[in-house]
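Below is one structure, written out as structure tokens; the observations come after it.
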Amino acid sequence: MTSKAKELSAEALEEELIGIRRHLHRHPELSNEEYGTTEYIISLLERAGVRIVEYGLSTGVIAEIGGKKPGSVIALRADIDALPIQEESGVSFASLYPGKMHACGHDFHTAALIGAAYQLKQREQQLQGTVRLLFQPAEEKAQGAQRIIASGALEDVRAVIGLHNKPDLPVGTIGIKGGPLMAAADGFVIEVQGGSSHAAVPEAGIDPIVAASHIVAAFQSIVSRNVSPLQSAVVSVTQIHSGNSWNIIPEKAVLEGTIRTFDETVRSKVLDRFQEVAVGVAAALGAEATVRWIEGPPPVINDPSLAALGVESVEALGYRAIQPEHSLAGEDFAFYQRVVPGLFVFVGTEGSQEWHHPAFNLDERALPVAARFLADVAVRSLVQYSPDGGAEL
């Protein structure tokens, strides 16, 4: 693969990356189970002469290109895990594993980063510094980024760059903006403890369903009366479970859902107010509420200087940079941005379905677009973060 990686034409690169993406799509693996995916990535990188670096991960791959000349370390990241979804795309390369599917395009991200590795390997002798490749597991469980950080793989990194496919953007378009891009995604489970009784004598018990209903209604005022109209937040109750008989008032009701915010101050305020409303409304109706938080990733907040660098890269490659809309989806890339400056972008893939849909698919012509962008912006970042400059652009 070393000689092949050096000689790939534009057409051959696209064909190569499509083959890689389709292999990954046929063999999806869930979070923390990406053993075959890990072996496959390693085999491709080793055949291309890219060195693998051991950081003690059970799944996922860390690799490096460069280091021939002194300079900074820039990280490029792709997530590699799939989702527990039964595929309904109808493509010829559909998942071979029932109930598992690359319904979020992580196969696309992985193939794109491998393509970037091929291109960077061609320029390795000129790189003044090192590009570290992070093939990260367990993004869908918001665990993988923190595992990478705990391994020490970010300790000497100056900046980290990642991407996500975007089905509603055309191929050749890359969405880049400084500041908030994706939301913090926190989950909650509320247990409302009441007192059971016969439905014919409700005064003999404490109805947790009534209390839960009032709690849900009261939640609707959290955003409208506690968050500035110039900011944003979403509070969604997505599940209510209670009772098992038509004529018995149950003892307990359980509510589950999610809170999405773009600002850490707003996030803290909404979570505090949420707790107060749940406990207070339940108490007013004679019940008791306990809230258990499922902490998700913080908001994705892009470094403005890296965003400007990304726009330069897109335009230099002949693609189109746009200002994307905010996404209320969560992304554990945000954990990296708490450690080092980071840039996360959206790559247009013209898909017919949104992320996590069982018929999700994308336009594979976007693969070389993503690969070239990652390689180019990595080189530009080495220039920006290295005192003596990086490889010539």
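The values are calculated or read from the model by the stated rules, or taken from the named source; none is laboratory data. Quick caveat, the model's predicted, so the values are computed rather than measured. Counting neighbours? That spans all protein chains shown, and the Cβs are built from the backbone with ideal geometry, glycine included. For the accessible areas, the whole protein counts, side chains as well, though only heavy atoms, and no ligand, DNA or RNA atoms are used. Shrake-Rupley method; radii C 1.70, N 1.55, O 1.52, S 1.80 Å.
I'd like to know if the stretch 201-220 contains one or more residues that are open to solvent by 40 Å² or more (accessible area, probe 1.4 Å), part of a loop (DSSP other than H, G, I, E, B) and more than 22 Å from Leu181 (Cα to Cα).
Yes, some residue in the stretch 201-220 is open to solvent by 40 Å² or more (accessible area, probe 1.4 Å), part of a loop (DSSP other than H, G, I, E, B) and more than 22 Å from Leu181 (Cα to Cα).
Would you mind telling me which numbered condition in (1) at pLDDT 95 or above; (2) of a type in the set (A, V, I, L, M, F, W, C); (3) open to solvent by less than 40 Å² (accessible area, probe 1.4 Å) Ala5 fails?
All conditions are met except number (1).
Looking only at helices (runs of 4 or more DSSP H) that fall completely inside the stretch 299-393, which ones have 3 or more residues that are modelled with pLDDT under 95?
Correct list: 366-385.
Which of the residues belonging to the stretch 156-200 are free of Cβ contacts under 8 Å to residues at least 60 places away in the same chain and of a type in the set (Ser, Thr, Tyr)?
Hits for the stretch 156-200 are Ser196, Ser197.
Any residue that is in a strand (DSSP E or B), open to solvent by less than 30 Å² (accessible area, probe 1.4 Å) and closer than 17 Å to Asp186 by Cα - is there at least one of those in the stretch 273-283?
Scanning the stretch 273-283 turns up no residue that is in a strand (DSSP E or B), open to solvent by less than 30 Å² (accessible area, probe 1.4 Å) and closer than 17 Å to Asp186 by Cα.
Consider Lys100 against the criteria (1) open to solvent by less than 30 Å² (accessible area, probe 1.4 Å); (2) touching a residue at least 60 places away in the same chain (Cβ under 8 Å); (3) under 21 Å from Ile20 (Cα atoms): it satisfies all of them except one. Which criterion is unmet?
Every condition holds for Lys100 apart from (1).
Considering only residues that are β-branched (Val, Ile, Thr), closer than 19 Å to His109 by Cα and under 18 Å from the mean Cα position of the chain (by Cα), which ones fall in the stretch 144-172?
Hits for the stretch 144-172 are Ile148, Val160, Ile161.
Mind listing just one residue for me: the one in the stretch 174-200 that is outside any strand (DSSP E or B), among the hydrophobic types (A, V, I, L, M, F, W, C) and within 28 Å of the chain's Cα centre (by Cα) and, of those, farthest from Pro250 (Cα to Cα)?
Ile176
Which pairs turn up if I take residues in the stretch 307-335 that are in contact (Cβ under 8 Å) with a residue 12 or more places away in the chain and farther than 25 Å from Ala145 by Cβ and look for partners that are part of a loop (DSSP other than H, G, I, E, B) and open to solvent by 50 Å² or more (accessible area, probe 1.4 Å) with beta carbon separation below 8 Å, at least 6 apart in sequence or on another chain?
Going by the 8 Å Cβ cut-off, the qualifying pairs are Ala316/Leu393.
With part of a helix (DSSP H, G or I), in contact with a helix residue (DSSP H, G or I) (Cβ under 9 Å, 6 or more places away or on another chain), of a type outside the set (Gly, Ala, Ser) and closer than 28 Å to Val340 by Cα as the only criterion, which of Ile62, Ile18, Ile41 stands out?
Answer to the check: Ile41.
Quick check: is even one residue across the stretch 71-78 among the aliphatic types (A, V, I, L, M), out of contact with any Asp or Glu (no Cβ under 9 Å at 6 or more places or on another chain) and in a helix (DSSP H, G or I)?
no
Among the candidates Phe360, Phe335, single out the residue that is open to solvent by less than 40 Å² (accessible area, probe 1.4 Å) and farther than 23 Å from Arg260 by Cα.
Being open to solvent by less than 40 Å² (accessible area, probe 1.4 Å) and farther than 23 Å from Arg260 by Cα holds for just one of Phe360, Phe335, which is Phe360.
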